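These notes are about the structure you will find just below.
The values are calculated or read from the model by the stated rules, or taken from the named source; none is laboratory data. Just so it is clear, the model here is predicted, and its values are computed rather than measured. Every residue, glycine among them, receives a Cβ derived from its backbone with ideal geometry; neighbour counts consider all protein chains shown.
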Amino acid sequence: MAEELRVLRQAQSPRTSPLAPALGEGKRFVCLCEDVTDLDVETAIAEGYESPELLKRYSTISMGPCQGKMCGMNTLHLCARARGLAVAGRTTARPPVTPLSLGVLAGQHLEPVQLSPVHPWHLDHGARMMGAGLWLRPEHYGDAAAEVQAVRQRVGLIDVSTLGKLQFTGPGAPALLERLYVNQWRRLGVGRVRYGVMCNDEGVVIDDGVGARLGEEEWYMTTTSSGAAAVFELIQWWMQAGWGKGVHATDLTEAFAAFNLAGPQSRALLQQLTSLDLGNEVFPYMHARQALVAGVPCRLMRLGFTGELSYEIHCPSGYGLHLWEALMEAGAQFGISPFGVEAQRVLRLEKAHIIIGQDTDALADAFSAGLDGLVKMDKPDFLGKRSLMRVTSAGGPQQRLAGFKMAQPGVVPEEGLQIVERRQGKLEIIGWITSSRFSPTLGETIGLCWLPAGLAERSGAEFSIFREGALLGARVHHGVFYDPQGDRVRG
């Protein structure tokens with residue numbers, strides 16, 4: 001501001017230039033970028049915005065792409081004339097008219113990074129780290145296939161502290177969750193856990209997770225690792241719009257560490273560290289409990305994302321490393337193995353569990369993603385309901401997410417490859433691969449892909465994947481690939 005006041009000082013200067021008279025009787029534009037006329041400038045000054053800085057912000061003059069390069073001098077002349085001052089020089093035009101030097105753009109590229117409380121332990125034990133949103137997570141500890149076998153045959157432990165963790169308290173929590181998620185929450189009993197899916201206004205799936213009702217007015221929800229901040233922001237927006245009456249929402253993502261203990265020996269291992277009865281009758285599948293584990297107050301949820309008997313253990317972050325080491329020490333006699341994201345992706349794919357953002361995109365609605373059973377259209381209202389009604393009225397989705405198996409069990413197509421069909425002598429794209437892995441448990445390649453609805457609905461139907469000029473054969477598979485009855489998660 002000091003510079004702009006200086007150029008309007010009363011003292012004459014050798015650089016002062018006279019104001020050229022404007023000809024014509026129509027509108028006389030001073031700023032072509034923002035459509036500001038000389039009359040607009042005079043009106044703004046008459047209303048008290050006589051400082052160039054105030055004049056700029058009031059009239060939006062020089063705030064367009066040229067940043068005052070074309071209109072700056074004329075503006076100063078008009079302002080000076082209205083105030084009876086002289087013009088001395090002009091202010092400096094900013095980018096993009098005046099380009100930046102490479103020196104300004106150079107420097108170290110910095111991005112925020114989030115680390116779990118167990119991060120040093122992972123590094124000390126040879127973990128290969130990978131990015132998951134802003135988090136660094138272990139991709140594997142040297143042999144992902146061996147980690148898969150450890151979970152299937154013995155017991156494994158994975159750090160899932162990166163999950164979003166949201167707490168809702170108050171009598172209005174059930175009503176809020178009913179509107180935010182496509183499925184039911186109001187009738188969920190205390191101590192129960194439920195899988196939930198969230199859509200946006202367009203009916204597109206944007207997040208999923210599990211929710212536990214810890215008390216009559218206390219709910220604990222998890223989100224995807226990369227979606228926690230965006231989901232909490234969306235929830236806050238709707239709460240301020242009137243949906244949050246009687247609810248207090250808290251983001252506990254960084255306040256809590258979380259681990260998933262999975263495998264047939266997980267119950268025997270965990271029982272050594274807690275006095276809580278973990279028996280199947282007392283603590284069944286899809287239930288939650290609160291207990292001390294290795295002396296640490298924890299929230300336990302019995303889940304089945306890996307397809308095995310498993311317990312998700314949440315504790316205050318300050319106790320995270322202590323609890324992790326206690327679990328690893330107690331698990332030594334059971335052959336415990338830490339496992340990373342790669343093994344988890346294989347394990348979840350064997351159960352045909354989807355990953356939001358990988359198996360879905362910005363056009364994937366809940367019906368096309370195969371989540372029909374969760375969508376409760378009989379609820380009065382929820383995010384995306386009207387859009388999903390239009391999908392139904394239009395005859396259903398045109399594309400569907402489906403499982404597949406490769407005709408050649410050892411061939412693993414890369415994710416993102418196109419699925420094609422020959423029409424009139426030409427190959428046309430009809431779908432694409434979203435997830436693909438070789439399953440060491442099943443001894444064959446399995447995956448998920450998007451196909452035309454008619455093809456996806458035919459179990460065993462064959463299709464072709466285009467890969468480097470060749471066609472790979474595959475066939476549609478309905479349901480899960482491993483333990484279709486779900487006996488192992490309920491054991």
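With A132, A150, A145 as the choices, which residue is of a type in the set (A, V, I, L, M, F, W, C), buried (at least 19 other Cβ atoms within 10 Å of the Cβ), under 30 Å from G307 (Cβ atoms) and in the same structural domain as Y311 (by TED's automatic domain parsing)? After ruling out the rest, the residue left standing is A150. The set of residues in region 373-388 that are charged (D, E, K, R) and exposed (fewer than 14 other Cβ atoms within 10 Å of the Cβ) comprises D378, D381, R386. For the criterion of being within 27 Å of the chain's Cα centre (by Cα), in contact (Cβ under 8 Å) with a residue 24 or more places away in the chain and assigned by TED's automatic domain parsing to the domain that holds L136, S317 passes. Only residues that are outside the structural domain of N260 (by TED's automatic domain parsing) and among the aromatic types (F, W, Y) were counted in region 335-358, giving 0.
So, in region 380-423, exactly how many residues are within 22 Å of E468 (Cα to Cα) and outside any loop (DSSP other than H, G, I, E, B)? Number of matching residues: 9.
Within region 202-220, restricting attention to residues that are more than 21 Å from D372 (Cα to Cα) and not small (G, A, S), which residue is surrounded by the fewest Cβ atoms within 10 Å (Cβ to Cβ)? Within region 202-220, the match that is surrounded by the fewest Cβ atoms within 10 Å (Cβ to Cβ) is E216.
Among the residues of region 121-135, which ones are more than 20 Å from V231 (Cα to Cα) and in a strand (DSSP E or B)? Matches in region 121-135: R128, M129, M130. Within the option set A249, A262, being over 29 Å from D381 (Cβ atoms), among the hydrophobic types (A, V, I, L, M, F, W, C) and surrounded by 14 or more Cβ atoms within 10 Å (Cβ to Cβ) holds for one residue only, A262. In this structure, A352 does satisfy being under 24 Å from the mean Cα position of the chain (by Cα) and over 19 Å from A146 (Cα atoms).
Taken over region 324-345, the residue count meeting the criterion of being under 17 Å from R267 (Cβ atoms) and either out of contact with any Leu (no Cβ under 8 Å at 6 or more places or on another chain) or without any contact (Cβ under 8 Å) to a residue 24 or more places away in the chain (or both) is 3. Of all residues in region 176-195, none satisfies the criterion of being free of Cβ contacts under 8 Å to residues at least 40 places away in the same chain and not in a loop (DSSP other than H, G, I, E, B). Of the residues making up region 327-344, not a single one is more than 30 Å from R437 (Cβ to Cβ) and crowded, with 23+ Cβ neighbours inside 10 Å. Is it true that A241 is modelled with pLDDT under 95, closer than 23 Å to D159 by Cα and surrounded by fewer than 16 Cβ atoms within 10 Å (Cβ to Cβ)? Judged against the criteria, A241 is not a match.
Per-residue answers, yes or no, for (1) closer than 16 Å to S161 by Cβ; (2) of a type in the set (G, A, S); (3) not assigned by TED's automatic domain parsing to the domain that holds M129:
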residue	(1), (2), (3)
L252	yes, no, no
A257	yes, yes, no
V296	yes, no, no
G304	no, yes, no
A326	yes, yes, no
Q333	no, no, no
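Of all residues in region 358-379, those that are assigned to a loop (DSSP other than H, G, I, E, B) and free of Cβ contacts under 8 Å to residues at least 24 places away in the same chain total 3.
In summary, P440 fulfils each of the numbered conditions (1) within 26 Å of A369 (Cβ to Cβ); (2) touching a residue at least 60 places away in the same chain (Cβ under 8 Å) with the single exception of condition (1).
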